[in-house]
Amino acid sequence: MSSNAPVEPRRTALDALHRSLGATMTDFAGWDMPLRYGSERDEHLAVRTRAGLFDLSHMGEITVTGPQAAALLDFALVGNIGGVKVGRARYTMICREDGGILDDLIVYRLAETEAGSSHYMVVANASNAQVVLDALTERAAGFDAEVRDDRDAYALLAVQGPESPGILKSLTDADLDGLKYYAGLPGTVAGVPALIARTGYTGEDGFELFVAPADAEKLWQALTEAGAAAGLVPCGLSCRDTLRLEAGMPLYGHELSTSLTPFDAGLGRVVKFEKEGDFVGREALTEAAARAESEPPRVLVGLIAEGRRVPRADYPVVADGKVVGEVTSGAPSPTLGKPIAMAYVDAAHSAPGTPGVGVDIRGTHEPYEVVALPFYKRQK
C-alpha cells in the first residue's frame, strides 16, 4: 500500500444530516465539514439578528485530571489555570519554549473531588489538536496528572445569536440566566446530557453544547424545531469565519502562529507572569514583553475598504509606496456591507484614521481606512 494514498477525511456524527440538508462540504483540518447550507450571507445575518446552529465537532477536546492537574496546566500553558473556579472557563494559549504560539485554547474547570483531584477540559483548534495533545502529554512528565485524548468522546454543537438563550431555555431546566460568559455547567438539553458552555466565536451571545456523539443528531433536531419560530438556521464554517472576523477574533494560522508570541499578537494579557513556578516559554516571553515595551511590534488593526475589492491573507499593506504590513484575514462583511480585513501593520501606521494606507491587491493600491478592532460589537 502506497504511503501517499489520500487520507479519508474524518466525519462528524452529524455528517449524514448535513448532506440531507444539502450542505456544501469541505475538508477542514482533516475533517469533512459543512461550509454553507445555502447563502453564507443569509447564515451570517441570521446569527447577527436571530440565531444560527453550528456543528463544531472537529474541535479537539483533551481531558486533564488528577491531583496535580492544575499545576500541570499552569506549567504547560501561559495562563493562570489554577485560579479558574469550578464551572468557569479561561481563554489562554500554549506556547513553545521560544514563546511562539502553538495554539489558542479554552480551558474549562469542570470538577473538583473531595480527594483533591481536579478535572479540566482543554479545547484546542481542530488543526492543532494533535500538536496540543502531544505537547501536554510531554509536559505532564513528573506531574501526578493524566492527559487524555477525548476527541472521539464529544460532539460539539453551538447555538449563537440574540435568540439563542430563549431557544435553549425551552429545552433545558439548567439555570441559563445564572450562566455567565465563559462559564460552563452540566445539564440536560432535550433529554440529552450535556456540558452547557456560554462561549462562542461569533461576537454574539450563545452557547456551545458538548454531548456524546450518539446524542448529537437528536439534539440538533430538537434545537432546529425549538428554534424554527425564532428564525434559527443551520450555519457552516464560511459564516463562522466572517462572524469571527467582524468580532475581531483571531484565527490560528492567520492572526496567530509559531512565529508570533502573544505579545506580537497584541494578546500579551493572556500571559500571567505573576503565577507561581516556571512555565514553558516564561523566559522567552519575559524578553518578548520587554521588547514590546521598548520597540512596539506590528499592531493588529482593522481595515475597511473604500472600494469593493476584497483583500486576502498575505496581501501587502502599503503606505507612501512602502510595505508597512500584511493582511492576515479578509472577507466581505455582511454586517458593514464592505470588504474588511485584519492586518499586522507597523506601529507608525496603526492609529485609527491613519491617512494613505492601502492594500496591494494584485498590483493595485486599494485605499483602506485603518480602524480599531473589533469591527462589530453587539449591543448588550
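Here are a few things to note about the model shown:
- Restricting region 94-146 to residues that are of a type in the set (V, I, T) and over 18 Å from the mean Cα position of the chain (by Cα) leaves a set whose member that is farthest from E283 (Cα to Cα) is T113.
- Flag not set for P374, criterion: modelled with pLDDT under 95, of a type outside the set (S, T, Y) and open to solvent by 40 Å² or more (accessible area, probe 1.4 Å).
- Residue that is least open to solvent (accessible area, probe 1.4 Å), among those in region 1-15 that are free of Cβ contacts under 8 Å to residues at least 24 places away in the same chain and aliphatic (A, V, I, L, M): A5
- The one condition from (1) closer than 30 Å to G161 by Cα; (2) surrounded by fewer than 21 Cβ atoms within 10 Å (Cβ to Cβ) that G330 does not meet is (2).
- Selection count where residues are in a helix (DSSP H, G or I), in contact (Cβ under 8 Å) with a residue 40 or more places away in the chain and touching a strand residue (DSSP E or B) at 6+ places or on another chain (Cβ under 8 Å), scope region 187-219: 4
- Single match in G307, G268, G231, G253 (criterion: surrounded by fewer than 21 Cβ atoms within 10 Å (Cβ to Cβ), within 27 Å of L77 (Cβ to Cβ), over 15 Å from the mean Cα position of the chain (by Cα) and not hydroxyl-bearing (S, T, Y)): G268
- A222 being touching a residue at least 24 places away in the same chain (Cβ under 8 Å) and closer than 17 Å to A13 by Cβ: yes
- Segments classed as strands (runs of 3 or more DSSP E), wholly inside region 51-104, with at least 3 members that are among the hydrophobic types (A, V, I, L, M, F, W, C) and touching a Gly at 6+ places or on another chain (Cβ under 8 Å): 89-95
- From A153, A158, residue being under 18 Å from the mean Cα position of the chain (by Cα) and in contact (Cβ under 8 Å) with a residue 40 or more places away in the chain: A158
- Candidate set: region 137-168, residues that are among the aliphatic types (A, V, I, L, M) and touching a Gly at 6+ places or on another chain (Cβ under 7 Å); chosen: the one surrounded by the most Cβ atoms within 10 Å (Cβ to Cβ): V159
- Scanning region 79-130 for residues that are open to solvent by 10 Å² or more (accessible area, probe 1.4 Å) and closer than 13 Å to V147 by Cβ yields a total of 2.
- Within region 333-362, the set of residues being open to solvent by 50 Å² or more (accessible area, probe 1.4 Å) and in contact (Cβ under 8 Å) with a residue 60 or more places away in the chain comprises T335, L336.
- Applying a threshold of 6 Å to beta carbon distances and a minimum spacing of six or more residues, or different chains, the list of pairs starting in region 28-50 at a residue that is free of Cβ contacts under 8 Å to residues at least 12 places away in the same chain and ending at one that is of a type outside the set (S, T, Y) and surrounded by 21 or more Cβ atoms within 10 Å (Cβ to Cβ) is empty.
- Any chance E274 is touching a strand residue (DSSP E or B) at 6+ places or on another chain (Cβ under 7 Å) and either in contact (Cβ under 8 Å) with a residue 12 or more places away in the chain or of a type outside the set (D, E, K, R) (or both): no
The values are calculated or read from the model by the stated rules, or taken from the named source; none is laboratory data. As the structure is a computational prediction, the values presented were derived from the model and not from experiment. Glycine gets a Cβ as well: all are built from the backbone with ideal geometry, and neighbour counts include every protein chain shown. Just the protein is used for accessible areas: all its heavy atoms, side chains included, with ligands, DNA and RNA removed. Shrake-Rupley method; radii C 1.70, N 1.55, O 1.52, S 1.80 Å.
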